[in-house]
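Have a look at the structure below before the remarks.
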Amino acid sequence: MPANSANGAGTFGEPGLPPRASALRKGVVLVLALAAIVLIALTAQFNYLRLGIFPHDVRQATYPCCGGAAGKPADQLAQIPLAAGPLVAEATRLKQSDPARARKLMLAAVARDPLSPEARAWLAADAAMRGDFPDTIVQLDWLYTLDAGSRPRAAKALAGLARFPASQAAVSAFAKRQPIWLNAVAEELVRSDADPAILFRVLGGAGPRINGSDKGGYDASVIDQLIKRKQYDLAYLAWVTQLPEGALDKVGYVYDGQFAKLPGSPPFNWRLTDNGEATVDYTKGGGLQVSYFGDGASQFAAQTLLLPPGAYRIAAAANRSGKADGNLAFFTLACAATPDTPLVTLDIPVGNAPARIGGNVTIADGCDVQVLALAGRPSDYPSTMQIAVTSVAITGAQP
């Protein structure tokens with residue numbers, strides 16, 4: 001588990017709001033985050049039998065530590081001196097009347113049983129109420145690991161802290177240590193309509209640059225949500241900042257146009273579709289190989305593009321097996337809003353070697369997002385067809 005990080009105040013603000021309204025909103029955000037943490041503390045379930053450490057027989061399952069024994073915590077500790085349960089119970093009882101002593105008892109309980117979700121949830125709520133955000137996050141990290149059922153609420157609590165300026169430095173430091181949280185928190189921030197700047201001011205760069213992987217630091221679902229909200233530039237920035245340095249010079253109108261299986265997640269990298277209609281895979285040395293069974297229309301590969309308005313030239317190298325009047329295979333470029341109405345279609349010819357095909361296309365105002373796709377359509381007499389693609393590229397049209 002990570003050690004405590006240094007605390008510090010963030011610099012993120014909310015432009016456009018008067019100071020009093022901004023402060024009020026920040027206070028509401030913090031209250032919501034604290035409420036989420038307290039909810040975790042109230043609902044955390046722990047099962048020592050599942051953890052395999054304690055208790056040691058079925059009678060003890062009726063009470064967290066002591067086989068159903070009644071009485072004060074001191075009496076329970078007399079039966080099992082190293083039990084954490086009595087300390088948790090006493091700390092909970094003293095939380096309002098003697099919070100300092102309650103905290104000491106709960107820390108002692110964690111020292112005896114570091115895997116107690118109830119104690120971790122209690123300590124997270126306590127640290128948040130005291131403004132100790134680094135420790136809040138450390139406890140949430142433990143809880144996230146220990147109790148799968150608490151993970152959605154833990155992610156929501158951390159997203160709430162990410163929106164609060166005083167805790168942003170702690171959240172950012174934590175995200176860099178524990179990138180496993182990155183997508184869960186980013187998804188929650190996008191879903192809750194948080195200011196998109198938080199993704200980069202707090203979480204930006206937290207996802208590791210992954211070498212030799214086809215997945216970037218941000219999950220494709222985060223990028224897809226940003227695109228649905230029409231935050232296209234932010235979506236692309238979230239994607240490109242996670243690419244390894246060796247892949248940055250491959251970025252262009254089309255990414256990985258040689259089908260070399262470069263790192264990076266969809267939708268700005270290729271999304272291959274294997275279904276009952278076809279099998280699609282990368283070939284050694286670069287390229288795509290498609291086995292199309294021809295029973296129905298199918299999309300084999302697709303990539304989202306952000307071409308600005310203007311004139312372009314699209315070119316590809318590909319070939320297919322079969323007869324000229326057999327199943328069809330083709331590239332299409334369409335506005336994402338009207339995918340069934342291509343702006344241009346490049347039919348892939350029959351042949352034994354890749355053939356060069358190309359066409360001109362104009363992107364008009366309003367077509368902010370496009371989809372480049374490789375697809376197929378059956379003929380009147382469908383049969384299995386092999387498709388080989390070695391490259392596809394888009395360039396600015398020559399005047």
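The values are calculated or read from the model by the stated rules, or taken from the named source; none is laboratory data. Note that the structure is predicted; figures quoted are calculated from it, not measured. Quick reminder, even Gly has a Cβ in these numbers, built from the backbone with ideal geometry, and neighbours come from all protein chains shown.
Some observations on this one:
- Pairs with Cβ under 7 Å, 6+ apart, first in the range 278-307 and on the phi > 0 side of the Ramachandran plot and assigned by TED's automatic domain parsing to the domain that holds residue 385, second buried (at least 16 other Cβ atoms within 10 Å of the Cβ) and aliphatic (A, V, I, L, M): 287/388; 287/389; 294/385
- Listed by position, the helices (runs of 4 or more DSSP H) enclosed by the range 111-203 that each have at least 2 residues that are more than 20 Å from residue 101 (Cα to Cα), of a type in the set (D, E, K, R) and modelled with pLDDT of 80 or more are 151-162.
- Subset of the range 239-252 [buried (at least 16 other Cβ atoms within 10 Å of the Cβ) and either within 22 Å of residue 367 (Cβ to Cβ) or in contact with a strand residue (DSSP E or B) (Cβ under 8 Å, 6 or more places away or on another chain) (or both)]: 239, 251
- Candidates 301, 318: the one that is surrounded by 16 or more Cβ atoms within 10 Å (Cβ to Cβ), under 28 Å from the mean Cα position of the chain (by Cα) and at pLDDT 95 or above is 301.
- A count restricted to the range 257-271 and to residues that are surrounded by 21 or more Cβ atoms within 10 Å (Cβ to Cβ) and without any contact (Cβ under 8 Å) to a residue 40 or more places away in the chain stands at 1.
- Residues of the range 125-167 that turn out to be without any contact (Cβ under 8 Å) to a residue 24 or more places away in the chain and either crowded, with 22+ Cβ neighbours inside 10 Å or in contact with a strand residue (DSSP E or B) (Cβ under 7 Å, 6 or more places away or on another chain) (or both), as a count: 1
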